[in-house]
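What follows is a short report on a single structure.
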Amino acid sequence: MASNKYPLVYDDFLTFFPEASGNDVNGLGEKDIRRPSPFFWHPADQHAFGELQREVIGIQRRSPAITEHYSHHAPRGPAPVEKSGTRIEKSPQEWTADVKAFALTHEGDLVGVAPMDPLYIYEGYELTHPWVVVIGVSMEHGELDHLPPSLENTSNPVEVARQYNRAARACRELNNFILSQGYEAKAWQGPFASALNMMPAAIQAGLGTLGKHGSLINEEFGSSFRLSAVTTEMPLVADTPKDIGAEDFCANCQVCVKACPPGAIFPEKQMVRGAEKWFVDFDKCIPYFGEALGCAICITKCPWSAPGRAPRLMQKMLRRREKVKSQGDAGPPRSVV
């Protein structure tokens, strides 16, 4: 591991690391397209990192400030209601407008719709709903920027837990709204992933672009936001991915690479399950993540995450691209994912 610029709070954390490589589980170097495998934040008996995962949770629960937000007693929203026996009929366009308006007035800050793709579903699970509604909730950047995290300085992990709770409430409220209209639905909230891999669905729904640090970058909040989702049979209209220029920016930026204490962020894209993408070395990231009670250093230091900066960066990057195109030297188009 690279030397850490932030002190660890649990020196023997690595003793809980399994023989297996998280990079292998996630498909690093694989050239064939496949569904993701259950990994960290799945039920502990479904992956080799179960003992490590339990230890991460156990360390976090040593802090009353974190436990207030990250426990079975935390405010995570209502239980699901019974689906109404009367189905209300509207056009897909009307339902999409209603769903988005509901989400945005029930604690959501971002919302988008993607058609279900089998690649969004972890191996060993099946989902039949044709639509994914992805919700984003912003985080308070000032709370994230109190580094390094420790048992005495918990503002960073507490803010992450607080917003996971808000995201959970937002998706559970939307889930109940859809059920009350007579359509099947299921809420998906973090950090436990279960069947649904939300990040590629969020990209397809236009909520963000994958950044070099392995998190999404949004045109308004940068990487300072968390996700939840609802899958449903309600007829909806799909959104599309947005190119905000972050792809070009990340290709040259090294801020998160240099800021990462364990040196877990690859400076170049990697082949992962049949696609070239930004990738984080989980074998280096996860031990520090646990020791630092959640870390989030990479998204905190990301230039896009500073309040008010993302819209300006987007405009700058897109103007620069248009200038290059006008000079006839645009080169091949870059992928937005």
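Throughout, read-outs are computed from the coordinates displayed, never taken from laboratory work. A quick note: this is a predicted structure, and the numbers were derived from the prediction, not measured. When we count neighbours, we look across all protein chains shown, and the Cβ atoms used for this are built from the backbone with ideal geometry, even at glycine.
So how many residues does the range 77-125 have that are charged (D, E, K, R), assigned to a loop (DSSP other than H, G, I, E, B) and in contact with a strand residue (DSSP E or B) (Cβ under 7 Å, 6 or more places away or on another chain)?
The number of residues fulfilling the criteria is 2.
Within the range 224-248, the set of residues being among the polar types (S, T, N, Q), out of contact with any Phe, Trp or Tyr (no Cβ under 6 Å at 6 or more places or on another chain) and surrounded by 24 or more Cβ atoms within 10 Å (Cβ to Cβ) comprises 224, 228, 231. Condition check for residue 65 on (1) touching a residue at least 60 places away in the same chain (Cβ under 8 Å); (2) closer than 16 Å to residue 233 by Cα: one failure, at (2). Select from the range 249-273 the residues that are within 25 Å of residue 303 (Cα to Cα), touching a strand residue (DSSP E or B) at 6+ places or on another chain (Cβ under 8 Å) and β-branched (Val, Ile, Thr) and write down the one among them that is surrounded by the fewest Cβ atoms within 10 Å (Cβ to Cβ). Within the range 249-273, the match that is surrounded by the fewest Cβ atoms within 10 Å (Cβ to Cβ) is 257.
Listed here are the residues, each with its yes/no results for (1) out of contact with any strand residue (DSSP E or B) (no Cβ under 6 Å at 6 or more places or on another chain); (2) closer than 20 Å to residue 115 by Cα.
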site	(1), (2)
174	no, yes
188	no, yes
194	yes, yes
205	no, yes
211	no, no
225	no, no
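Applying the criterion of at least 2 residues that are among the acidic types (Asp, Glu) to the helices (runs of 4 or more DSSP H) found wholly in the range 247-317 leaves 282-291. For the range 40-54, what are the residues that are within 17 Å of residue 285 (Cβ to Cβ) and outside any helix (DSSP H, G or I)? Answer for the range 40-54, where residues must be within 17 Å of residue 285 (Cβ to Cβ) and outside any helix (DSSP H, G or I): 40, 41, 42, 47, 48, 49. Which one is surrounded by the fewest Cβ atoms within 10 Å (Cβ to Cβ), of the residues in the range 188-223 that are in contact with a Phe, Trp or Tyr (Cβ under 7 Å, 6 or more places away or on another chain) and on the phi > 0 side of the Ramachandran plot? Among those that are in contact with a Phe, Trp or Tyr (Cβ under 7 Å, 6 or more places away or on another chain) and on the phi > 0 side of the Ramachandran plot, it is 194. Scanning the range 66-73 turns up no residue that is of a type in the set (Phe, Trp, Tyr), part of a helix (DSSP H, G or I) and surrounded by 13 or more Cβ atoms within 10 Å (Cβ to Cβ).
Scanning the range 161-189 for residues that are among the small types (Gly, Ala, Ser) and outside any helix (DSSP H, G or I) gives 182, 185, 187.
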